[in-house]
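Take a look at the structure below.
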Amino acid sequence: MKVAVIGVGHLGRHHARIYEEMEGVELAAVVDIRQDRAEEIAQAHHTQGFADYQEIFGKVDAVSLAVPTIDHARIGVDLLDHGIDVLVEKPIASSLDDARRLIDAAARSGRMLQTGHVERFNPVVAAAIEVATSPQFFEIHRLAAFTPRSLDIDVVLDLMIHDLDIVLRLVHSPVSDVRAVGIPILSSKADIANARVEFENGCVANLTASRVSYEKTRKLRFFQPHDYVSVDYATQTGVIVSLRMGRVMERKLEPPSGEPLRIELESFVNSVKTRSAPAVSGEDGYRALELAIQINEAIARRSK
C-alpha cells in the first residue's frame, strides 16, 4: 500500500515518520508548498518530495492531509475524486459546507474518508469509552502552552474540538443549549475558552481549553449513575470509582500504552486495506465541527 503525506509541518512530519516505520506500507511521497521542507522530510524518510500535491496522482493509494484547515476541502475533494483515500486532520474543514463537500466526494468516489481525531485512539480514552454507560456530567480541561502554529483557527477548533468529539461519542442525545466565553490573548482569535453544552437527555458538559497556559493539562472526568471516571490523556492513566451495593470500589484504568497517532494511522491503513468503515468517519468530523461552530457563535454573541 502506497501512501503520501501532504503538509509536513509540525504534525505532518510525524505522519511521515510513522508511515515509514509501518509494515506493509510504503511512504511513496511527501508534499509541502515549501519545496525545501518537502525535500528535507523526504530525505529524512527515504522518499520523494513534491511542492505540488497533484504530482502524486496515480502514485499513491492513500494520503494523510495535514495542511491548514482552510485548504482541507479544496485538496481533499480533489484527492477523493482522483481515487485516493484520505485521512484529513481535525478539524475536518473550516466550514460545514466544506465538510459536507468532503463527505459527498467520498461517497461519490467510493473512497475512504477518516477524520483525524487522534484522542479517540488514546488507549485510556478507549478504556473509558468501554466503561461509559450513561454519562450525565463532564468536566474537561485541555491547557497548552502557546506556539506560533495553528493560528489560522481559534482555540475551540484547535484544541477543544478533540474533547467535543469524545463527548459526542459518549452522549447519544441532541444538543439543546450552548453557552460559552472566549478571549484572545496572544493572537487575533480566542486563545482561551470555556463552554457549557447541555443535551436533551439532561447531560451537561463543561469544557475549558487554553493555548496560553504555563502548565500542560489534558484531563477528562465524567459522572454517570453509580460511577465517576477520571482520565489523564497525557499519562494514559485513569480510574473508575463505583458505588455498588453500598460499597465504594476503585479500579484503575491502565491499558497498554501506545502512541495515539500511530494507532490512528494503523486504523486508517486497515480500513483502506479491508475497505471497512473508518473508526472516525467524515460524519463524526462534521458533528464535532458543528458543535465547535455553535460554541464560537455563542462566544461571538457574548462578546458583542
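Computed from the coordinates by the stated procedures, all read-outs in this text should not be read as laboratory data. Since this is a predicted model, take the numbers as computed values, not measurements. Positions of Cβ are generated from backbone atoms using ideal geometry, with glycine treated the same way; all protein chains shown enter the neighbour counts.
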(request) Determine, for each peptide in 237-247, 61-71, 271-281, 193-203, the mean count of other beta carbons within 10 angstrom over its residues, then list the peptides with the highest first. (result) 61-71, 193-203, 271-281, 237-247
(request) Would you pull out the residues with amide H under 5 Å of Ile183's amide H, same chain only if 5 or more places away, H placed 1.01 Å from N? (result) Asp191, Ile192
(message) With θ taken as phi - 60° and the coefficients 6.51, -1.76 and 1.60, list the Karplus ³J(HN,Hα) couplings across region 157-173 in order, rounded to whole Hz; mark glycine and proline as x.
(response) 6, 7, 10, 4, 4, 4, 6, 4, 4, 5, 4, 5, 5, 9, 10, 9, 7
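Using a simple charge model, +1 on the beta-carbon of Lys and Arg, -1 on the beta-carbon of Asp and Glu, nothing else, what dipole does region 2-116 show about its Cα centre, in debye to the nearest 20? Provide the component values of the computation, followed by the final result.
Numbers: 12 positive and 19 negative charges, 55 e Å.
Rounded to the nearest 20 debye, it is 260 debye.
What's the ranking of 181-192, 7-18 by average number of surrounding C-beta atoms within 10 Å, highest first? Please report the intermediate quantities before stating the final value.
On the way: 181-192: 17.2, 7-18: 21.0.
Put in order of decreasing packing, that is 7-18, 181-192.
Anything over 22 Å Cα to Cα? Flag those among Lys90/Lys252; Lys59/Lys90; Lys219/Lys304; Lys59/Lys273, in the order listed. Please report the intermediate quantities before stating the final value.
On the way: Lys90/Lys252 30 Å; Lys59/Lys90 25 Å; Lys219/Lys304 31 Å; Lys59/Lys273 16 Å.
From the list (Lys90/Lys252; Lys59/Lys90; Lys219/Lys304; Lys59/Lys273), the Cα-Cα distance tops 22 Å for Lys90/Lys252; Lys59/Lys90; Lys219/Lys304.
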(request) Read phi for every residue in region 201-215 and hand back ³J(HN,Hα) as whole Hz from Karplus 6.51 cos²θ - 1.76 cosθ + 1.60, θ = phi - 60°, with x for Gly and Pro. (result) 7, x, 5, 10, 10, 10, 10, 10, 9, 9, 10, 9, 9, 7, 9
